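Enquirer: Below is the structure I would like to discuss, written out as structure tokens.
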Amino acid sequence: LYAWCRACDDVTDGQTLGHDAMRVDDAETRIAFLKDRTAKAFAGEHTGLVPFESLRVVAAECAIPQALADDHLGGFERDAAGWQPVTTDDLLSYCYQVA
């Protein structure tokens, strides 16, 4: 599960294992890619990528609902859009998504 989380963060931020971030000019494309591969993993389809294959196995074995993964991806989508919390409720919502 962590491999999937780490990969999603890296793809969103243009990083490698949380390091060496580069500017990302195609954030929407990256988020769409993550959503597509995640949906395939939850559908039991092979994705060809280790983090998503790991998610496929763990989600099936542990009955993780896709809605939780979608919520997590929502946090990455906020990151990609440059979103910043304004209120405490905003911050708590974001913490739920990314943590």
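The values are calculated or read from the model by the stated rules, or taken from the named source; none is laboratory data. Given the structure is predicted, the values throughout are model-derived calculations rather than measurements. We place every Cβ from the backbone using ideal geometry, glycine too, and count neighbours over all the protein chains shown.
Enquirer: Determine the pairs where a residue that is in contact (Cβ under 8 Å) with a residue 40 or more places away in the chain, located within segment 76-93, has a partner that is of a type in the set (A, V, I, L, M) and surrounded by 10 or more Cβ atoms within 10 Å (Cβ to Cβ) with Cβ atoms under 7 Å apart, the partner being 6 or more residues away or on another chain.
Expert: Hits for this filter: PHE76/ILE31; PHE76/LEU34; GLU77/ILE31; ALA80/ALA27; ALA80/ILE31.
Enquirer: Next up: Pick out the one residue from THR88, THR47 that is loosely packed, with under 15 Cβ neighbours inside 10 Å and either hydroxyl-bearing (Ser, Thr, Tyr) or in contact with a His (Cβ under 7 Å, 6 or more places away or on another chain) (or both).
Expert: On inspection, the qualifying residue turns out to be THR88.
Enquirer: State yes or no: is ASP36 more than 15 Å from GLN97 (Cα to Cα) and modelled with pLDDT of 95 or more?
Expert: Details: more than 15 Å from GLN97 (Cα to Cα): yes; modelled with pLDDT of 95 or more: yes.
Here the answer is yes, as ASP36 does meet what is asked.
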